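Taken together, the values in this text are just the output of simple stated rules run on the coordinates, not laboratory data. Note that this is a predicted model, so its numbers are computed, not measured. Backbone-built Cβ (ideal geometry, glycine too); neighbour counts: all protein chains shown.
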């Protein structure tokens, strides 16, 4: 695909500044192709952008937030996620996303995907790329949490019930309970209240749940 002589303006939207900064750092060597702006939690981005790279990690309302970004920016939106459930991908495309990019890709593949979306293509997740360990870590990774366990913990911190988490993540209630149990073991906690305290202490934020108290 021919590349534009002008770098694409890309907004990185994520509620966790450490992740946003990490994505920007990964893309920095490609400034002749993409010009990255960081906008954690800000909508619409300050100034015009061509592509919005939206990370839905840990949001209790990913579809609502995606709809706001699609309608509020006028840019092409590329969803950037650890999980690749078919239902989630199809829902994102229905709302207006132009692509769904797996976090397993390396930096070169990410830039190529951004360029493709900027040129008007619609993308689906490629196969996982080997050796992508230099990608930004998710909160709780260093403590042993998997990406899915960390996402579910984010939703627990946000005050969602297991049933609400299942609906948000397109999982069965039994799968959510299994993830919760394994995460609790790794965190060394026994109750939901303890999990919330642990999460806040380890960098998890309450996202989109103002005024909600965690469920016991």
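Descriptive notes on the structure:
- Across region 141-201, the fraction of Cα-Cα pairs farther apart than 17 Å, rounded to a whole number, is 28%.
- Projected label points at residue 121 and residue 6, each 7 Å from Cα along the beta carbon direction, are separated by 2.2 nanometres.
- Difference of contour (0.36 nm per residue) and Cα-Cα distance, residue 28 to residue 167: 46.5 nm
- As a proxy for reagent exposure, ranking 50, 106 by other Cβ atoms within 10 Å from fewest up yields 106, 50.
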